[in-house]
Amino acid sequence: MSTITGEQAAAGEVTSPNRLWQSIKKFLALSPALVWIFVLVLLPNIFLILYSVWENDLGTISQNWTLDNYSSLFQSEVFKTLLKRTLIISLVSTTIATLIAYPLAYVVVTKFGRYKTIAALLIIIPLWVSYLMRVFAWKIILGEEGVLNGMLMSLGITDKPSEAFLYSTTTVIVALTYVAIPYIFLSTYTALDRIPRHYYEASSDCGASPWGTFRNVIWPLSRPGVAVGFAIGFVLTFGDYVTPAMVGGLEGTMLGSIVLQEFGNANNWPMGAGIGVVIAGAGLLVLAVVSLFTRLDARIE
Amino acid sequence: MAEEREETELNTATTERQEPSARAATGESAAAVVELVGVTKTYPGEEESAVADVDLRIREGEFFSILGSSGSGKTTTLRMIAGFEQPTIGRVFLDGNDATDVPPYRRDVSTVFQNYALFPHMKVQANVAYPLKMSGVPRREIGPRVKEALERVSMAEYAKRLPHQLSGGQRQRVALARALIRGPRLLLLDEPLGALDLKLREEMLFVLKRLQREVGITFIYVTHDQGEALAMSDLMAVMNKGRIEQLATPAEIYAKPATSFVAGFIGKTNLLSCRHVEGNRAEAGSVPLILAEDPKQSQFTLSVRPESILIGTDCHSLPNRFVAEVSEVLFLGHEREVLAKIGDQRLMVRSQDLTVGPGDTIEFGWDPKEAVIVEATGG
Amino acid sequence: MGTSERTPNNRMKANSKVVKIVLGVVVGVAVLCVYVFLYAPMMVTALFSVNDSTIQTLPFQGFTTKWYSALFNDEAMKSAIYFSLKVAAVAVTVSAVAGLGFALLVHRLQMRGTGALQGLIAAPLVAPGLVLGISLLVVFRQANVSPGFWTIVAGHAAFITPLIMFILIQRLKTADPSLEQASMDCGAGYIRTFWHVTLPGLRVALIAGCLLGFTLSMDEIAVTFFLAGTEPTLPVYVWGLLRFGFTPEVNAAFTLIAGGSLLLLTFAGLLLYISGRRQRAGIPNSIDQAEGLGAIGVSTAPSTTEGGTRTV
Ligand SMILES: Nc1ncnc2c1ncn2[C@@H]1O[C@H](COP(=O)(O)OP(=O)(O)O)[C@@H](O)[C@H]1O
Ligand SMILES: [Mg+2]
């Protein structure tokens, strides 16, 4: 009844031409994907690295190999300050976001019953609203004549508008924390949601209090998800230039901001590419560290 | 006896239970370890109750089974005893104290989960040590007790493995060791052998029975397999649609099923709907029957087990005797199952005679005392 | 482990109840605060888009729709919106084709290395927008492609394709392979099976993925900023407005775009939810098509009797 497909035929007679044909077919099927990866993933990254080791000559790029871009970067005080500040801003906001998102995910998974999917969706939805809008709104909220100041003044807590909220490192941290929460929530929620109910019950059955269950069972099983979330949050915030541009002012400038300058007015692409490589490298480093420290041998059934 | 005593002495867990067992020994009527009083559970958003108006009393040291088909409310009942679910109506008593609102971790009850629920990130020994760690047992005591518990289920050599490196049967044993290590008053087992193949299943049945004898604690064993329930229990409850149909010893349930559901569920049986004629005589359709005593109802269902039906010359002295035509024969290995037709009724009988075939006539009958009235179907 | 000591007496019970309630309230309020935090920016933007003042501050100066009418009279803004829509439509179309192809490829070629393949295709989705933007920019410069419509489309397709791919792979994983096998058994070739059985099964997920991709494309700034030429997409145009002289008109634009995004998102979510439910209920979307081919590979399972058999 059944027609013999190519695969079955190949399985039937294991002759070498057939095998060769089989491999060729596989390769042909794969080739669009390989081209895609080559053009949109490999080539850009290769050229990014190449640019960072090419010489810049007043805006024209000569393809001479040099490490000058990197050495001048790491000798520049401005770069070092910015690198340090970017690291701090990024780590602090990712940490705060994790400290908010993980407990939130825990509460949603364990306490929201059949409403948990809705509750989770409501946290993810802001990701689909314009990034620019979400960040810019913080300017309206935190600005000198913003909503927060207006509220504080009408409540009589302060009598004149405070400038403390806008154009500072703190503003950037608030906005980036805000941006990172949904991502970290998504990752930790998935991890927690994969832990079946019967592990909670078995632990409780063994005499563990809710806290004991969390510490000994739930935390170890969800830690990889937290780590991945943290890494995503870090990568996201470390390379951001939109947020500092919107709410950061001078004090909130980050590495991404100078990449923008180098590719724009400064017209020094190799330098910009070098900073881009540093940003990508930092992200990869955090990912590597995280995946190293959170390998879980366990398999959740 | 002496040997057994010594063995239990070694088990530190048993020392904690000495007070109640001493009470049992002094001849006081054995205390109820678990008592469910008028318990009904309706899951939120459901119309039907998963468990309806269940009363149960389970005594110290009993091997108690709950038998029922899937969806009959066995797991729900067990979960209410463990404390994972709250009854909608009714109370749960543990050791005579109202425990309805006590959270699971404060109940002296252990559960062996159907899917074992071994913590995947902990080695076998850590899993077994977990209950001790949680109840604050000093570190140096934990090691030896874990070792002993693992030895009891012959799993000592696997102490350093992770659960996913074990086979189903091995995980089962670890789950048992973990459940037993604190020496709970009560062990709940939810279809513990459900995921095992036939051979392992039989082996584990022996392990379970031996363990229960050794540690002497109360087991509540949930299963849909009547063979397991009959073989293991001191007392069993048959559940159907959230209600307990019958609660009795296995022998009684087998011999005197209280309802036609029980009769049909336990073993194979012939259920005949009968009409009372007069005195001890009745009719199933057009077939006249003799009963052991006068029935109290005019319409009822009679259960006759195939194995209590005698064939050929054996049945000559019996009051219920029929000649029937064989309509179907099923070969079962050691015997044959014969479907015989008398009048408008069909009965299943067992025959060792290997020559019977469809179309043959056979003679059979049964002692009225072997037939049980299981249900009144009309006033 | 005395059981008597474990039974809470009434006072303890009452105490623990109070603690429970207080804890519940505290947790509830904290959770609520996070939700408020997450939605505050959107609400503030929407509110100020109808506030009758050029200064963004409390108290409100009264209701107005003038920012919306200003928006509809702003030719530059309108052409930016139009350009964004064009970019999104083309980028999503490209991504749908590529994402579908890659998803089927990954799903079919059960061989080693598909994990790496997926990872590489997904890289632009997880890379920081800045890195993706500048790395594509240098390639385009090297290839002498000047920034404009097609460079933006390429940048967007680079991260929308993996999104659609993952949604489709997820759906393929839960789909019933016996349907396809049944179709092949009935003599339908690969292509016809794909057209009549596989594709209808993926249709809903594909549409949902496209909607999600569309909203992403409409809102994207980090990558687009580097790849845009002289003609700006809406976010790039707004970026300029925000940096050099702000009008509340932007709030109106944001509110409209966010509303549109949420609408598409809700629609996509509903589609995914419904198709997921149908699949779980064992009624694959493609069942009617499969039947049309005479490929009813799934016979109803024989009803199993539980426990002992009843005779008579
Ligand atoms: N968490 C739940 N929510 C809603 N209904 C449930 C839940 N658990 C069980 N049920 C329903 O309650 C009934 C009894 O289930 P259960 O106690 O699991 O039966 P058993 O263990 O005998 O198979 C079933 O009809 C089942 O569908
Ligand atoms: Mg069950």
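Per-residue mean of foreign Cβ neighbours for B:109-117 is 4 (Cβ atoms of other chains, 10 Å radius).
Normalised by 2.2 N^0.38 Å, where N is the number of residues, the C-alpha radius of gyration of chain A stands at 1.33.
Can you tell me the equivalent ellipsoid semi-axes for the protein assembly as shown? Use √(5λ) from the Cα gyration tensor, largest first, whole Å. Mind dumping the intermediate values first?
Values: eigenvalues 916, 270, 161 Å².
Result for the protein assembly as shown: semi-axes of 68, 37, 28 Å.
Quick one: in chain B, what % of C-alpha pairs are over 38 Å apart? Working shown, then result.
Numbers: 23450 of 71631 pairs.
Value for chain B: 33 percent of Cα pairs lie more than 38 Å apart.
Of the peptides B:128-135, B:46-53, B:68-75, the order by per-residue mean of other Cβ atoms within 10 Å, starting with the highest, comes out as B:128-135, B:68-75, B:46-53. By the Kirkwood approach, averaging reciprocal distances over each pair of separate Cα atoms, the stretch B:323-379 gets a hydrodynamic radius of 12.7 Å. Label separation (residue A:197 vs residue C:61): 5.6 nm, computed from points 7 Å beyond Cα along the C-beta direction.
Shape annotation for the stretch B:85-172: C-alpha extents along the principal axes are 46, 30, 22 Å, from largest to smallest.
Which of A:202, A:231, A:282 moves the most in a Gaussian network model of chain A with Cα springs under 10 Å? Most flexible of the set in this elastic network: A:202.
What are the semi-axes of the equivalent ellipsoid for the stretch B:26-129, taken as the square roots of 5 times the Cα gyration tensor eigenvalues, largest first, in whole Å? Provide the component values of the computation, followed by the final result.
Values: eigenvalues 113, 88, 37 Å².
So the equivalent ellipsoid measures 24, 21, 14 Å along its semi-axes.
Based on C-alpha pairs under 8 angstrom that are at least 6 apart in sequence, chain B has a relative contact order of 15 percent.
Only helices enter this figure: runs of n ≥ 4 DSSP H residues, each worth -39500 (n - 2.57), summed and divided by the residues of the protein assembly as shown, yield -17000 deg cm²/dmol at 222 nm to the nearest 500. Centroid-to-centroid, using Cα positions, the stretch C:193-248 and the stretch C:104-165 are 14 Å apart. In the elastic network of chain A, a GNM with C-alpha springs shorter than 10 Å, the most mobile of A:54, A:138, A:128 is A:128. Extension gain for residue A:26-residue A:111 works out to 25.8 nm (0.36 nm per residue, less the C-alpha to C-alpha distance).
Taking every Cα-Cα distance in the stretch B:200-331 and sorting them into 5 Å bins from zero, the calculated P(r) comes out as 2, 8, 15, 16, 16, 14, 11, 7, 6, 4, 1, 0 percent. If R0 is 41 Å, the Cβ-Cβ spacing of residue A:285 and residue C:109 corresponds to a FRET efficiency of close to 0.80.
Extending 7 Å from Cα along the Cβ direction at residue C:15 and again at residue B:241 yields two label points whose distance is 4.8 nm. Full extension of the chain between residue B:297 and residue B:360 gives 19.1 nm of extra length, using 0.36 nm per residue less the Cα-Cα distance. If R0 is 60 Å, the Cβ-Cβ spacing of residue A:124 and residue A:74 corresponds to a FRET efficiency of close to 0.95. Taking the three principal axes of the alpha carbon atoms in the stretch B:264-379, the coordinate ranges are 43, 30, 23 Å, sorted in descending order.
Mean separation of Cα pairs under 8 Å and 6 or more residues apart, divided by the residue count, gives chain A a relative contact order of 24 percent.
With the highest mean first, a sort of the peptides B:250-258, B:235-243, C:139-147, C:198-206 on other beta-carbon atoms found within 10 angstrom per residue produces B:235-243, C:198-206, B:250-258, C:139-147. In this Cβ point-charge picture (+1 for Lys and Arg, -1 for Asp and Glu), the protein assembly as shown has a dipole of about 1740 debye about its Cα centre. Rounded to the nearest 10 degrees, the angle from helix B:198-215 to the longest Cα principal axis of chain B is 60 degrees. Calculate, for residue B:199 and residue C:22, the FRET efficiency according to 1/(1 + (r/R0)^6) with r their C-beta to C-beta distance and R0 41 Å; round to the nearest 0.05. So the FRET efficiency works out to roughly 0.15.
Residue-normalised convex hull volume from the C-alpha trace of the stretch A:59-156: 244 Å³ per residue. Site pair residue A:251 and residue B:231 shows an inter-label distance of 7.7 nm when each label is modelled 7 Å from Cα along Cα→Cβ.
Subtracting the Cα-Cα distance of residue B:86 and residue B:101 from their residue separation scaled by 0.36 nm leaves 4.7 nm. Considering only B:212, B:226, B:297, the mean-square fluctuation computed in a Gaussian network model of chain B, springs between alpha carbons under 10 angstrom, is largest for B:297.
Every number in this text was worked out from the coordinates using simple rules, so none of it is lab data. Predicted model only: the values in this text are computed from it and were never measured. Neighbour counts are summed over all protein chains in view; Cβ atoms, including those assigned to glycine, are modelled from backbone coordinates with ideal geometry.
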